[in-house]
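Here's the structure we're looking at; comments come further down.
Every read-out reported here was derived from the displayed coordinates using simple, explicitly stated rules and does not represent laboratory data. A quick note: this is a predicted structure, and the numbers were derived from the prediction, not measured. A quick note on method: Cβ atoms are made from the backbone with ideal geometry, for glycine too, and the neighbour counts reach across all protein chains shown.
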């Protein structure tokens, strides 16, 4: 990405959201969330399942309606005039198949449409090929995505976001349930885009392989921001990415079902019911 | 069948109109059907067809009031209006998420038929007047009907093919489409309107009760073999034209109803295509569906332990 592009967006924030509230199906999912991401930063969105991370990301991109609050993306208010051509979104997974096949090229080409651009631009095939090549999927262009493994489908979804050459990339749990090479592809992609001056917002369950890239973490809990600052660092000698659990601590307790319960339950079962 | 018989068939003006109608419907309906199947709204055509019946009766009623001859001059315009309004309503209901898509469709099914039967009585007709719309009467297609069909089919083709990438995007992954700033509501309404227009185009050929079959069954056949969205659409369209023309030609020599013949033929083709699929289709290359995860279990070999 060129320097003048960075200058143009330099003083503005890539994401600026204030007082974001989202109500879905009568439940208040987000309660007054403020998130500001300066251009060029790599921010992790952390939180447990159900804390509102995915909803926040979808609200920031206009995929779910806001019940209150304002969102600006790359300096423009959310809406038809937002600079959609400079924003890339990678959802958690490919939607379930409806039975009609779609090739990798067809799915990635859909990433070239945005905002008011309802038809792919000229030379779209070259751009689609380049995006698939960048995620290591060259040679799979004409394969139906329904026949691909989960990791390959994820790569196609990254390619669909990359094909726009985004300045703001938003990823929803890119590493959950994904094979090691694909995780590496995600990290490489984020590192490369970051190196070119792009802003990255990534939802993570744990920092994992993204750890070296993350500059800031926003932690959500029960629909509110509970931490916004340095990413939580693992304690020394524990839980680091390079740390291996080789020390001889005892095995975790078996789950409370199955034959392992026998000895514990035995006496209890022998007792008379109160 | 001799060559003379074919020439005789093709020189009959009635058959010429019927064949043109069958080609128009066979080509356009599966194009819209491909988007509907991908959007998991395969039954939408049925819902619209039922509502269009109310439109037919409404057109008839207005024709009676205005003393038009014949009374059903406004039947097709009435069906177009009712189908378009009905399809937009169903899309908005679905989007609001107040009622589930299939429940909204069910309401349309019942309301459409009941409204049609009620209004046709008010218009001074009988239920028998509706039969040709319910089951199709391709042999009575007039030149005016044909012009309507040509215009509507052209509109469906231009919009459906011109916006195919956008309609594919919103049908394949609606959330991504919304997160890309695409006007998803307008695209969904466009698709619903295309479906409504297709229903009214196909109405005279296969009838409102079977209209959805010509949109959906060719897609079901095509998706058994086609490995891309674009090819599914083309193959469905070609299949649609083939079964419509063959079905119609069969009815020229046999006294059987054209609409039902076309649909039964299409379903027979589906059955054969599905039966032959394991033998004909390229095998899917084998891959291990289990991903290699970083926290995978690693088994230590006994002899490497101390």
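Inverting the mean 1/r over all pairs of different Cα atoms, compute the Kirkwood radius of the range B:72-131 and quote it in Å.
That comes to 12.8 Å for the range B:72-131.
How large is the Rg to Rh ratio of the range B:148-270 when both quantities use alpha carbon positions and Rh follows Kirkwood?
Radius of gyration relative to Kirkwood radius: 1.02.
Mind checking B:230-241 for the average number of partner chain beta-carbons within 10 Å of each residue's beta-carbon? Intermediate values should be presented prior to the final figure.
On the way: counts 5, 2, 5, 1, 0, 0, 1, 0, 0, 0, 0, 0.
Mean partner-chain Cβ count within 10 Å for B:230-241: 1.
When Cβ neighbours within 10 Å are restricted to other protein chains, what is their mean count per residue of peptide A:92-100?
What the average comes to for A:92-100 is 6.
Out of all Cα-Cα pairs in the range A:87-193, roughly what percent, to the nearest whole number, are more than 15 Å apart?
Cα-Cα pairs in the range A:87-193 separated by more than 15 Å: 59 percent.
Can you grab the distance from the C-alpha centre of the range B:1-67 to the C-alpha centre of the range B:201-267, Å, no decimals?
11
Restricting to the protein assembly as shown, what percent of DSSP beta bridges are antiparallel, rounded to 5? Don't jump to the answer; show the numbers that get you there.
Working: 22 of 39 bridges.
Counting DSSP beta bridges with both partners in the protein assembly as shown, the antiparallel share is about 55 percent.
Determine the calculated [θ] at 222 nm for chain B from helices alone, applying -39500 (n - 2.57) to every DSSP H run no shorter than 4 residues and normalising by the residue count; nearest 500 deg cm²/dmol.
Here the helix-only value at 222 nm equals -25500 deg cm²/dmol.
What fraction, in whole percent, of alpha-carbon pairs in the range B:12-279 exceed 35 Å separation?
13
Kirkwood Rh, the range B:1-81, all Cα pairs: how many Å?
Evaluated on the range B:1-81, it is 15.4 Å.
Along its three principal axes, how long is the protein assembly as shown when you only count alpha carbons? Whole Å, largest extent first please.
If we take the Cα atoms of the protein assembly as shown, the spans are 90, 63, 62 Å.
What whole number of Å gives the distance from the Cα centroid of the range A:116-170 to the Cα centroid of the range A:51-72?
If we compute the Cα centre of each part, the gap is 25 Å.
Under the definition of Cα pairs under 8 Å and six or more residues apart, what whole-number percent is the relative contact order of the range B:12-279?
It comes to 32 percent, rounded to a whole number.
In peptide A:104-116, what is the residue-averaged number of other protein chain Cβ atoms found within 10 Å of each Cβ? List each step's numbers first, then the result.
Working: counts 1, 3, 7, 6, 0, 3, 13, 4, 3, 12, 6, 4, 3.
Across A:104-116, the average partner-chain Cβ count within 10 Å equals 5.
Helix B:44-65 against the longest principal axis of chain B: what's the angle in degrees, Cα atoms only, rounded to the nearest 10?
20
Among B:24, B:163, B:43, which one shows the highest mean-square fluctuation when chain B is modelled as a Gaussian network with alpha-carbon springs under 10 Å?
Among B:24, B:163, B:43, the largest mean-square fluctuation in the Gaussian network model of chain B belongs to B:163.
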